Amino acid sequence: MTIQGEKKSLFILNPYAGIIPVNIIISEELKRRKNDLSYFKSLSIDESGSRIKQSFDKYDIFVAAGGDGTVRTVASELIGTSKILGVLPLGSGNGFAKELGFRTSIQSLLNDIKKADHLKIDVIKVNNMNCLNVAGVGLDSFVAHSFDRLKTRGLWSYVWVTFTNFFRLKPFHVDISITGEEIISEDIFVLTIANTRQFGNNAYIAPDAKPDDGIIDIVLIRPFPKIIFPVFIYRLFRGTMQNSKYVKYLKTNKPFIIRTNENKFHIDGEPVVISGDVSVTIMNKALSVLKTKHNKL
């Protein structure tokens, strides 16, 4: 059950990703195309990892069919190897997939797989965890933790959780030091570490970020009057956050340390709890990603 072409691919489907009806449709289409491709449903991170390891020598392209968390799980097995990551986006945000030009079309993806063109991108390390898209602490991470507890998925659920967390939001303190020299010590609402431009759903938190430049973009949003929150949302989706006096941008290719009493972080939209110092580094061009016809890099 391999595709016709120079490269062989394996689809790893997360049956719980995104909106269930959409996931079911994709699952049925994968079944219908069983003569054209190989796939399996993964019920856990551990299962995905073990199945990829078992199939590692049989396939050249591993396709994550799910959200940003599924993508990170699959990518973590491919970093530093010659294997290629593909994405069939099924999540709620799909930030990484949107940035790399992946669409929810199996046929289009199969056409890209046949060409097997790829590019190398960076991977950010947050302590010992891989980040392909964005990570951080603050409003977005609090939303990720709340969203993870919901039984429903989709854009409107995400919007609701965002607003409820915003109205409860209080400033927290953060210190950032690059190569031992403290450069930031202040109260903020959001700290984002970005490899690409957006959270997902075309919300551009770091409009100048590029996933293949060897640079980490750091975004800090200082406390602002909550009445102007709609203005922030507008700028976020217009990609003009840098025009706000409450937003500070930094770029670095050096390791840095984050210290804060707030421990509810997120990595690629997945909630994680991190206590103590947070070490951030970048691995330049460490991951091969399938190039799609919609890729603008």
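Mind listing just one residue for me: the one in region 257-269 that is more than 11 Å from L191 (Cα to Cα) and of a type in the set (S, T, N, Q) and, of those, surrounded by the fewest Cβ atoms within 10 Å (Cβ to Cβ)?
For region 257-269, the residue satisfying everything is N261.
Mind listing just one residue for me: the one in region 192-209 that is of a type in the set (A, V, I, L, M, F, W, C) and not in a strand (DSSP E or B) and, of those, surrounded by the fewest Cβ atoms within 10 Å (Cβ to Cβ)?
Here is the first cut: in region 192-209, the residues of a type in the set (A, V, I, L, M, F, W, C) are 193-194, 199, 203, 205-206, 209.
Then keep just the ones that are not in a strand (DSSP E or B); that gives 199, 203, 205-206, 209.
On the way: F199: 26, A203: 19, I205: 24, A206: 24, A209: 25.
Among those residues, the one meeting the criterion is A203.
Looking for something modelled with pLDDT of 95 or more, assigned to a strand (DSSP E or B), in contact with a helix residue (DSSP H, G or I) (Cβ under 7 Å, 6 or more places away or on another chain) and farther than 19 Å from L139 by Cβ - is there at least one such residue anywhere in region 257-271?
No, that holds for no residue.
Would you please name the residue that is nearest to R51 (Cα to Cα), looking only at residues in region 71-118 that are of a type in the set (V, I, T) and modelled with pLDDT of 90 or more?
Of the residues in region 71-118, the ones of a type in the set (V, I, T) are 71, 73-74, 79, 81, 84, 87, 104, 106, 113.
If we keep only those that are modelled with pLDDT of 90 or more as well, we get 71, 73-74, 79, 81, 84, 87, 113.
Numbers: V71: 15, T73: 12, V74: 10, I79: 16, T81: 16, I84: 16, V87: 17, I113: 20 Å.
Residue satisfying both the conditions and the ranking: V74.
With (1) within 30 Å of F256 (Cα to Cα); (2) without any contact (Cβ under 8 Å) to a residue 12 or more places away in the chain; (3) not aromatic (F, W, Y) as the list, and S50 as the residue in question, which single condition is left unmet?
Against the list (1) within 30 Å of F256 (Cα to Cα); (2) without any contact (Cβ under 8 Å) to a residue 12 or more places away in the chain; (3) not aromatic (F, W, Y), S50 comes up short only on (1).
Condition check ((1) at positive phi; (2) within 20 Å of the chain's Cα centre (by Cα); (3) surrounded by fewer than 20 Cβ atoms within 10 Å (Cβ to Cβ)) across all residues:
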residue	(1), (2), (3)
P211	no, yes, no
T240	no, no, yes
T252	no, yes, yes
P271	no, yes, yes
V278	no, yes, no
I282	no, yes, no
H294	no, yes, yes
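Sort through G80, G91, G67 and tell me the only one that's out of contact with any helix residue (DSSP H, G or I) (no Cβ under 9 Å at 6 or more places or on another chain), closer than 30 Å to I176 by Cβ, not assigned by TED's automatic domain parsing to the domain that holds I257 and not aliphatic (A, V, I, L, M).
Criteria check complete, one pass: G80.
For region 125-136, enumerate the residues that are touching a Ser or Thr at 6+ places or on another chain (Cβ under 9 Å) and either among the basic types (K, R) or surrounded by 24 or more Cβ atoms within 10 Å (Cβ to Cβ) (or both).
Within region 125-136, K125, L132, N133, V134, A135, G136 qualify.
The values are calculated or read from the model by the stated rules, or taken from the named source; none is laboratory data. Values in this document were obtained by computation on a predicted structure and should not be read as measured data. Neighbour counts are summed over all protein chains in view; Cβ atoms, including those assigned to glycine, are modelled from backbone coordinates with ideal geometry.
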